[in-house]
1. When you go through Ala23, Ala98 one by one, which is the residue that is among the small types (Gly, Ala, Ser) and open to solvent by 60 Å² or more (accessible area, probe 1.4 Å)?
2. Take the residues of the stretch 98-117 that are hydrophobic (A, V, I, L, M, F, W, C) and modelled with pLDDT under 90: which is farthest from Phe35 (Cα to Cα)?
3. For the stretch 62-105, give me the residue count where each residue is under 18 Å from the mean Cα position of the chain (by Cα) and either under 25 Å from Phe29 (Cβ atoms) or in contact (Cβ under 8 Å) with a residue 12 or more places away in the chain (or both).
4. For the stretch 39-47, indicate whether the set of residues that are modelled with pLDDT under 95 and of a type in the set (Gly, Ala, Ser) is non-empty.
Amino acid sequence: VNSRKSFFKKFGTSIFGVFILNALASFFFWYESFFWFDMFMHFLGGVVVTFFAVFAFYKMYSRWRADGRIWKVVITNSLVLVVIAVLWEIMEFSVQHAFNIYGVLATPADSVSDLILGLTGSLVALFYYFMKTKYERN
C-alpha cells in the first residue's frame, strides 16, 4: 500500500508540474517557439496518465505482476492511455472547429504523433513502475 501512495503522490506532482509547464509555455509562447515542445508535453502526458493508472489499478497490476503476466499490465495501461489520448484529440478537434482555428491545434498526422509520444511516455513510466516495485511481495 505504501507504493500505491507513492504513485498517487507522483501523479499529483506530475499533473501539477504539467499544468505549471503548460501555463508557462502558453505565456512565453514556447509551443510556437520550439517545434518539439508539444511533443515533449504529450510524452509527459503519457507519464501522468500512467502514474494515475498505476495508482487506480495498483492491486490488479500487482497481482498480474506476481503471476508473471506483465503483458496484461502493459496492454491495460496502453488501453487506458489510448482512450484518454483519443478523448484529448477529439477535444482539440472540437475546439479547433468551434473557434474556426484551422491547422493550429490538430491534424491527423499531429494526432498520430501525439498518440505515439503519449504511448512512449506511458511505457517509460511503466518501466519505472516495474523497477520500483521489482522486489515488492504480495
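1. Working: Ala23 fails: open to solvent by 60 Å² or more (accessible area, probe 1.4 Å).
Exactly one of Ala23, Ala98 is among the small types (Gly, Ala, Ser) and open to solvent by 60 Å² or more (accessible area, probe 1.4 Å), namely Ala98.
2. So the first thing to find is which residues in the stretch 98-117 are hydrophobic (A, V, I, L, M, F, W, C), and the list is 98-99, 101, 104-106, 109, 112, 115-117.
Those left that are additionally modelled with pLDDT under 90: 98-99, 101, 104-106, 109.
Details: Ala98: 25, Phe99: 23, Ile101: 18, Val104: 12, Leu105: 13, Ala106: 14, Ala109: 15 Å.
Here the residue is Ala98.
3. The total comes to 15.
4. no
The values are calculated or read from the model by the stated rules, or taken from the named source; none is laboratory data. Because the structure is a prediction, the values reported are computed rather than measured. When we count neighbours, we look across all protein chains shown, and the Cβ atoms used for this are built from the backbone with ideal geometry, even at glycine. Ligands, DNA and RNA are stripped out before the accessible areas are found, and what is left, the full protein with its side chains, is counted by its heavy atoms. Shrake-Rupley method; radii C 1.70, N 1.55, O 1.52, S 1.80 Å.
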